[in-house]
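The structure under discussion appears below in the form of structure tokens.
The values are calculated or read from the model by the stated rules, or taken from the named source; none is laboratory data. Keep in mind that what you see is a predicted model, and the values were worked out from it rather than measured. So basically every Cβ, Gly included, is an ideal-geometry build from the backbone, and we count neighbours across all protein chains shown. Accessible surface is based on the protein model in full, side chains and every heavy atom, while ligands, DNA and RNA are left aside. Shrake-Rupley method; radii C 1.70, N 1.55, O 1.52, S 1.80 Å.
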Amino acid sequence: MMTKNILVVEKILSANDRIAAENRVIFDDAGVQAINIMASPGAGKTSLIEQTVRHFRQTMSLAVIDGDIATNLDADRAEAAGAVAVQINTGGECHLDAVMLNSALKQMKLAGLDLVIVENVGNLVCPASFQLGTHKSILIASVPEGDDKPYKYPGMYRGVDALVINKIDLLPYLDFDMDYFRRGVEILNPGVVVFPLSCRTGEGLEPWFEWLIRSI
Ligand SMILES: Nc1nc2c(ncn2[C@@H]2O[C@H](COP(=O)(O)OP(=O)(O)OP(=O)(O)O)[C@@H](O)[C@H]2O)c(=O)[nH]1
Ligand SMILES: [Mg+2]
């Protein structure tokens with residue numbers, strides 16, 4: 001019984017990876033770069049997307065694909081910031097998968113876009129298991145979540161290309177030990193580029209924008 005369950009999970013994941021590879025081809029054929037932003041609920045995914053869209057909207061053509069269990073709230077925010085926005089409601093699933101992204105891509109006009117930003121469902125476990133076919137994965141940690149999160153959710157920290165530490169404006173009010181946090185990150189993802197910033201005050205956003213423009 002146990003063995004059967006494991007095989008089913010493996011099958012689902014490899015089917016997902018096949019569609020993820022198809023998504024990558026769709027992006028590449030359209031000449032558009034894509035990033036997948038993951039984080040716990042409320043870490044600031046949509047806030048960082050709003051700041052990023054506002055910063056680049058004069059120089060780039062951007063689209064945002066927002067994954068949520070319910071509502072269009074985040075897509076509305078991305079659109080108000082200046083992006084073309086598409087909402088995917090997962091109907092209860094705690095992550096986006098490659099099939100969901102594939103159906104969103106088929107409804108979009110990708111030609112002419114420079115960057116697609118995917119906001120994954122707020123979760124520190126499931127999104128790490130599902131490749132989407134994007135070119136880069138970004139994790140946002142926010143300081144109110146606590147400094148132990150890399151140790152408790154290692155899978156999420158291991159595979160990402162960049163780590164944003166959001167809400168640094170709150171550091172004076174919280175007992176967040178930055179050295180302890182960063183030691184945990186370094187064990188899991190040595191040398192990963194890290195951007196401490198505040199979407200509220202704007203502090204630290206510039207290095208994130210510079211990295212993004214260089215990396216896409
Ligand atoms: N103090 C402070 N608050 C922030 C910062 N960034 C975001 N917030 C607030 O944190 C809350 C959640 O931000 P969102 O951007 O909606 O977070 P999210 O990760 O998109 O949330 P979900 O999509 O629901 O998972 C909002 O009330 C934001 O105003 C920050 O840098 N500092
Ligand atoms: Mg959001």
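General observations
- 12 Å beta-carbon shell around Ile138, net charge (K/R +1, D/E -1): 0
- Estimated inter-spin distance, Ser129 and Glu186, nm [label 7 Å along Cα→Cβ]: 3.2
- Solvent-accessible area of the stretch 127-216 (1.4 angstrom probe, protein heavy atoms only): carbon and sulfur portion equals 49 percent.
- When the chain is described by a simple charge dipole with +1 on each Lys and Arg Cβ and -1 on each Asp and Glu Cβ, the residue from Val116, Ile12, Met100 located farthest towards its positive end is Ile12.
- Theoretical ellipticity at 222 nm over the chain - DSSP helices of four or more residues, -39500 (n - 2.57) apiece, nearest 500: -12500 deg cm²/dmol
- Applying both filters, DSSP loop and at most 13 other Cβ atoms within 10 Å, to the trypsin sites (Lys or Arg not before Pro) of the stretch 102-189 gives Lys109.
- With all protein chains kept in place, the per residue accessible area of the chain amounts to 48 square angstrom at a probe of 1.4 angstrom.
- Taken along the Cα-to-beta-carbon direction at a fixed 7 Å, the label points for Thr59 and Lys136 span 1.3 nm.
- Note on Asp179 and Ala111: the extension gain reaches 20.1 nm, defined as 0.36 nm multiplied by sequence separation minus the Cα-Cα distance.
- Sorting the segments 81-89, 34-42, 114-122, 10-18 by their mean number of nearby beta carbons within 10 angstrom, highest to lowest, gives 114-122, 34-42, 81-89, 10-18.
- A simple count of charges around Tyr180, restricted to other residues whose Cβ falls under 10 Å of its Cβ and scoring Lys, Arg +1 and Asp, Glu -1, yields -2.
- Where a label projected 7 Å from the Cα of Ala15 along Cα→Cβ would reach, residues of the stretch 117-131 with amide N under 20 Å: 126-131
- Estimated dipole of the stretch 99-216 in Debye, rounded to 20 [Cβ of Lys and Arg +1, of Asp and Glu -1, Cα centre]: 540
- Counting Lys and Arg as +1 and Asp and Glu as -1 over every other residue whose Cβ lies under 11 Å from the Cβ of Asn72, the net charge comes to -4.
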